[in-house]
């Protein structure tokens, strides 16, 4: 129970020391970008209308995966401590109330949670447990783990289909994607992708999924009806280090954060061809797109900043310094629905 | 844990003690002995299998630990895909036992590959037998340049680094970054040591350094005081040491006691636990290695954790090589959609075969000499009174501002096609 003391410290700080998003920013009803800073234990909030930092939240040790709820009113961030091989109280997913900028609860999600996805109805959360080699399914109404499923070794990326039926969990060492049927809460299929798969995402129509493979420098295109890879896209002659991936809201573009290659690849989803490569900050990891599809945000882990890309020109239009260390993931919450 | 690895659920949360591991290995060796030379240990599940053929001893056990973990991880993945994967381990003491083991592993177990090469004799015997039986052989330990040149064969591939890779890594860092430009070579008067000396001298001169001399050490030398004085007289700023076992140990003991004004570096056999906490021998010098338990980037932390959880030991170079060889066997079978030796070799020689060894770059085999391209690490004693070693450099270095392709960068370690004495024509 070594983590409990830290947990009390963190929650105490979170409840009292929050630099919450300004009322002015909230009044603009602009979507907010939430950036997890792995090494400083914080989440930075950026107003996407101004691309200014409007707040920082202390969340706890090792924040990495970060997602907003379907209604945009909450943001979830995965926390894990340095004791990777055992579950402690520091291993959790924190829920942040977007309106107040405060942590409202901590959800147990197995040991070493890294990435996760929230179901479209907002009632369930699917998390990868890297060290345990499992995926946890959490009922967000009861705060309980309702299933723990064996997936590949070193699971990492988690994505859920738009209809909520399928969850894909990538596994870095196995080079696999495990397919969870959310009605049965079971792994119903697994398939091989390229080497060291890091992240996955579905197209808005749910017909395709995209899986990045860091060592191969590729993106696997998956037919979600058959759960089979139908094409593999090579990025930067295999020298890209793809990690985060997101599809534009209209489904026409796939954006890939290329990690140690310090770039973002833009893929035409119709032809599966790379149409642009955009230099960004150092080691972009997480990537998110605004609801209107006009801007991309990358969390740059080694330059401690966020690159903002205009998707019309495929140019970086702003670089936002975070007041934290090791930006890892980014999620864009849009509570107003605008 | 030796037999039927794939058939057992991985004890993910169990920490194995060294005594348990060694006890089981000894038991397996005893079983083999009772059933005659190279007796095969029982397997229970059918599908894909990889063989392990090693002599009794610490090096074989270290490779086996890694191969066991690699096979267990492959087995878990195989289960997700509706298949099975097993490691079949055999003790073989000499050439005849190796031949018998390989024959039976191929005929009775249909293994897709054999892992081994714990020492020079075992490597040579396995390379011959693998070629004869048309099965892929993954060498996990032998770096000897003479033996490797003698056994430049289609079915032999090297996960272990070559001596040329080690000396290139040392030269690039010691001359280029540590400023040690004048080396005196201290080695035995053997063909292998001479080959290493000649290759190391070329590596040194390619970096702009110069050889200050070479001292050949007679077999059985146990007082290195005179050798140390001879090195000092050459004006060298570094003694490059390439001595086997006990001679190396004695040299380093005398070096530590004398504390001369030159640095020491060289080749150290990838002995089990060589650079782990509590390793025996003087804590001096700078040495190249395949792997170290303190590596953390690119998932190395997770791999080191999994190994430690499984065996209660730090992952050393031989453990990494065994683990990686099992991973290569499993992934090659899947990606090539084949189990035959020639088909697997064709795939591994191709540009399509790249693997993740938690070293941050895609690792692939050179088609001409079947050497795995991979980064190496230089270790030295960690500061302070403890017994730890630390990684001081990863080689090769990427030139600032240059984005070389991974295989081009990794080819900065070891013999290029023109330089190599092993030049296999690609399979058509």
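Derivation of every value follows stated rules applied to the coordinates shown; laboratory data play no part. Predicted model only: the values in this text are computed from it and were never measured. Using ideal geometry, Cβ is built from the backbone for each residue, glycine included, and neighbour counts are taken over all protein chains shown.
Based on the mean of other Cβ atoms within 10 Å per residue, sort peptides A:107-119, A:202-214, B:246-258 so the most packed one is first. Could the numbers behind the result be given before it?
Numbers: A:107-119: 24.4, A:202-214: 21.9, B:246-258: 17.5.
Highest-to-lowest ranking by the protection proxy: A:107-119, A:202-214, B:246-258.
For the range B:96-230, what is the Kirkwood hydrodynamic radius in Å, using each pair of distinct C-alpha atoms?
16.9
Could you check how many percent of all C-alpha pairs in the range B:190-252 are farther apart than 18 Å?
Result for the distance tail: 38 percent.
Using DSSP, restrict attention to beta bridges with both residues in the protein assembly as shown and report what percent are antiparallel, rounded to the nearest 5.
80
Taking every DSSP beta bridge with both residues inside chain A, roughly what % is antiparallel (nearest 5)? Before the final figure, lay out each step's value.
Details: 112 of 112 bridges.
Antiparallel bridges make up about 100 percent of those DSSP assigns within chain A.
Using a 10 Å cut-off on Cβ to Cβ distances, tally the other chain neighbours for every residue of A:148-157 and report the average as a whole number.
3
Between A:319, A:44, A:201, find the one with the highest GNM mean-square fluctuation for chain A; connect C-alpha pairs within less than 10 Å.
Looking only at A:319, A:44, A:201, the largest GNM fluctuation is found for A:319.
Can you work out the base-10 log of I(q)/I(0) for the range B:347-428 at q = 0.14, 0.22 1/Å, using the Debye formula on its C-alpha atoms alone?
-0.59, -1.07
Taking each residue of B:303-310 in turn, how many C-beta atoms of other protein chains fall within 10 Å of its C-beta, and what is the average? Intermediate values should be presented prior to the final figure.
Numbers: counts 3, 0, 3, 6, 0, 1, 2, 0.
That average works out to 2.
Hey, what's the Cα Rg ratio for chain B versus the globular rule of thumb, 2.2 N^0.38 Å?
Numbers: Rg = 21.0 Å, N = 428, 2.2 N^0.38 = 22.0 Å.
Here the Cα radius of gyration is 0.95 times the empirical estimate.
Using only helices, what value at 222 nm comes out for chain A when you add -39,500 (n - 2.57) per DSSP H run of length 4 or more and divide by the total residues, to the nearest 500 deg cm²/dmol? Please list the in-between numbers first.
Working: 2 runs with 19 residues, N = 338.
That comes out to -1500 deg cm²/dmol.
Could you state the number of Å between the C-alpha centres of the range B:215-234 and the range A:41-69?
Centre-to-centre distance over Cα atoms comes out at 63 Å.
Using a simple spin-label model with points 7 Å from Cα along the Cα→Cβ vector, what separation in nm is obtained for residue B:132 and residue A:323?
Using points 7 Å along Cα→Cβ, the separation is 7.4 nm.
How big is the Rg/Rh ratio for the range B:314-376, C-alpha atoms only, Rh by Kirkwood, two decimals? Walk me through the intermediate numbers first.
Numbers: Rg = 11.7 Å, Rh = 12.2 Å.
For the range B:314-376, the value is 0.96.
Beyond 29 Å, how much of the Cα-Cα pair distribution for chain A remains, as a whole percent? If you can, show how the numbers build up before the last one.
Working: 17155 of 56953 pairs.
In whole percent, the long-distance tail amounts to 30.
Based on the mean of other beta carbon atoms within 10 Å per residue, what is the order of B:201-207, A:271-277, most packed first?
Ranked from most to least packed, the peptides come out as B:201-207, A:271-277.
Can you pull a Stokes-Einstein diffusion coefficient for the range B:164-224 at 25 °C (0.890 mPa s), Rh from Kirkwood over Cα pairs, as a whole number of µm²/s? Don't skip to the end; give the middle numbers.
On the way: Rh = 12.0 Å.
Translational diffusion coefficient: 205 µm²/s.
Take each of the peptides B:176-189, B:271-284, B:70-83, average the number of other beta-carbon atoms within 10 Å over its residues, and list them starting from the highest.
B:70-83, B:176-189, B:271-284
Using Cα springs under 10 Å in a Gaussian network model of chain A, which residue among A:141, A:310, A:68 shows the largest mean-square fluctuation?
Between A:141, A:310, A:68, it is A:141 that shows the largest mean-square fluctuation.
Of all beta bridges DSSP finds with both residues in chain B, what is the antiparallel percent, to the nearest 5?
Roughly 25 percent of the DSSP beta bridges within chain B come out antiparallel.
Partner chain Cβ atoms within 10 Å, averaged over the residues of B:72-81 - can you pull that number for me?
Counting other chains' Cβ atoms within 10 Å and averaging over B:72-81 gives 5.
Between the range A:281-326 and the range B:88-137, what is the C-alpha centre distance in whole Å?
Computed from Cα coordinates, the inter-centre distance equals 53 Å.
Label the range A:205-258 by shape, choosing from rounded, prolate and oblate, from the square roots a ≥ b ≥ c of the eigenvalues of the Cα gyration tensor; if a/c is under 1.5 it is rounded, and otherwise prolate applies when a/b is larger than b/c, oblate when it is not. Could you put the intermediate results ahead of the total?
Numbers: a/c = 2.46, a/b = 1.39, b/c = 1.77.
Because a/c hits 1.5 or more and a/b fails to exceed b/c, the range A:205-258 counts as oblate.
Translational D (Stokes-Einstein, µm²/s) of the range B:266-374 at 4 °C and 1.567 mPa s when Rh comes from the Kirkwood sum over C-alpha pairs?
Translational diffusion coefficient: 84 µm²/s.
Where is the GNM fluctuation largest for chain A (alpha-carbon springs, 10 angstrom cutoff): A:32, A:149, A:296?
A:149
Suppose we take every Cα in the protein assembly as shown and form the convex hull; what volume per residue is that in Å³?
158
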